[in-house]
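Visitor: Provided herewith is a single structure, encoded as structure tokens, for subsequent inquiry.
The values are calculated or read from the model by the stated rules, or taken from the named source; none is laboratory data. All values derive from a computational prediction rather than experimental measurement. Cβ: placed from backbone, ideal geometry, glycine included. Neighbour counts: every protein chain shown. Note: areas computed on protein heavy atoms with side chains; ligands, DNA, RNA excluded. Shrake-Rupley method; radii C 1.70, N 1.55, O 1.52, S 1.80 Å.
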Amino acid sequence: MSKRVIMAAGNWKMNKTPKEAVEFVSQLKDIAAGAESEVVVGVPFVCIPGVVEAAKGSNIKVAAQNVHWEASGAYTGEVSCGMLKELGVNYVIIGHSERREYFGETNEMINKKAKAILESGMIPIICCGETLTQREQGVTSEHVRYQIKIALLGLSAEEVSRIVIAYEPIWAIGTGKTATNEQAEEVCAIIRQLIAELYGSDVSEKTRILYGGSVNASNAKELFAMPNIDGGLVGGASLKLDAFGKIIRHYE
Ligand code: PEP
């Protein structure tokens, strides 16, 4: 079985103006050049055109942080897959805990978004993860399995082999409190096992599963070396060139 390519995906959230984004990516190009990791920047919608242009000729791929599942229509404030695809977007982050919490994103919506993203030729990065209460109650496995099972409803084996899943324990996001390597590995292994149950091990060996939650320049190497962790979805540290560069080049 060939090794899965490690992904270093930044989630900028609501940070950086279009101008700041272009400056950042122009500098990131040199740092990312020739890296073994796949490099992705998840940028605000308004930054996408400039960042796609700035990333031309580099190995940096661009992600959006949300999308609507319908192709067009009366959905004020929303953006469709066709619009993102036309701009040159490769990945779309969906189901982030902040979107679930503040914008009411449900597992069913995430499933519709995943289907639309795949149909349009982009790849979803599907986020999941438990709260601290759920972890303390001992229901992490049930919760994450439930989230992912619904997110994948109706997807084909071929599609699931191409998607990316990000396990992000909510208690570790933006808190500086990283899951231990073992805690992160345990849940990523549970997700891979679920995919094997649903689609077989040929598929589950191909699906990339990232860890997210206070990944930084010091902990990336050990986390990404765990057998079922195929890289990271990185918030705060992806906003800093030095830190994100070290995460991209964690293997050096
Ligand atoms: C995230 O928002 O996906 C995230 C993991 O944030 P941070 O790295 O800042 O914890």
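Visitor: I need the chymotrypsin sites (Phe, Trp or Tyr not before Pro) found in the range 4-84, filtered to DSSP loop residues with at most 12 other beta carbons within 10 Å of theirs. Provide the component values of the computation, followed by the final result.
Guide: On the way: sites: Trp12, Phe24, Phe45, Trp69, Tyr75; in loops: Trp12, Trp69, Tyr75.
Loop-located and lightly packed - Tyr75.
Visitor: May I pose another question? Just by accessible area at a 1.4 angstrom probe, what is the order of Glu23, Glu119 from largest to smallest? It would help to have the intermediate numbers written out before the result.
Guide: Working: Glu23 100, Glu119 150 Å².
Most to least solvent-accessible, the answer reads Glu119, Glu23.
Visitor: Taking Lys240 as the anchor, which lysines have their alpha carbon closer than 23 Å to its alpha carbon, excluding any fewer than eight residues away along the same chain?
Guide: The reachable lysines, counting only those whose Cα sits under 23 Å from Lys240, are Lys13, Lys16, Lys19, Lys29, Lys56, Lys61, Lys177, Lys221.
Visitor: Taking K and R as +1 and D and E as -1, what net charge do the other residues with C-beta under 13 Å from the C-beta of Gly174 add up to? Write out the running numbers ahead of the final one.
Guide: Details: positive: Lys13, Lys177; negative: Glu98, Glu101, Glu168.
Summing Lys and Arg as +1 and Asp and Glu as -1 gives -1.
Visitor: What stretch of the chain, leaving out the sites themselves, is the longest with no trypsin sites (Lys or Arg not before Pro) in a DSSP loop having at most 12 other Cβ atoms within 10 Å?
Guide: 57-176
Visitor: Which part of the range 6-33 falls in the paramagnetic zone of Asp242, meaning amide N under 16 Å from the point 7 Å along Cα-to-beta-carbon?
Guide: Answer for this model: 28, 31.
Visitor: Could you please state how large a percent of the accessible area of the chain is carbon and sulfur, counting protein chains only and using a 1.4 Å probe?
Guide: On the way: 5910 of 11090 Å².
Carbon-and-sulfur percentage of accessible area, whole number: 53.
Visitor: Heavy atoms only, 1.4 Å probe, whole protein assembly: order Phe224, Phe103 by accessible area, highest first.
Guide: On the way: Phe224 10, Phe103 130 Å².
Reading off the accessible areas and sorting them downward yields Phe103, Phe224.
Visitor: With θ set to phi - 60°, apply the Karplus curve 6.51 cos²θ - 1.76 cosθ + 1.60 along the range 86-98 and write out the HN-Hα couplings as whole Hz, x wherever there is a Gly or Pro.
Guide: Using θ = phi - 60°, the values come out as 4, 6, x, 6, 9, 10, 10, 7, 10, x, 4, 4, 5 Hz.
Visitor: What is the distance in Å between the Cα centroid of the range 177-250 and that of the range 96-175?
Guide: Cα centres, the range 177-250 to the range 96-175: 14 Å.
Visitor: Give me the tail of P(r) for the chain as a percent: Cα-Cα pairs with distance above 29 Å. Mind showing how you got there, number by number?
Guide: Working: 7302 of 31626 pairs.
Cα-Cα pairs in the chain separated by more than 29 Å: 23 percent.
Visitor: A further question follows. If one computes P(r) from the Cα atoms of the range 1-79, what percent of pairs lie at distances over 21 Å?
Guide: Numbers: 1087 of 3081 pairs.
Of all Cα-Cα distances in the range 1-79, 35 percent exceed 21 Å.
Visitor: Any idea of the accessible area per residue across the range 7-248, 1.4 Å probe, to the nearest Å²? Write out the running numbers ahead of the final one.
Guide: Details: 10260 Å² over 242 residues.
Per residue, the range 7-248 has 42 Å² of solvent-accessible surface.
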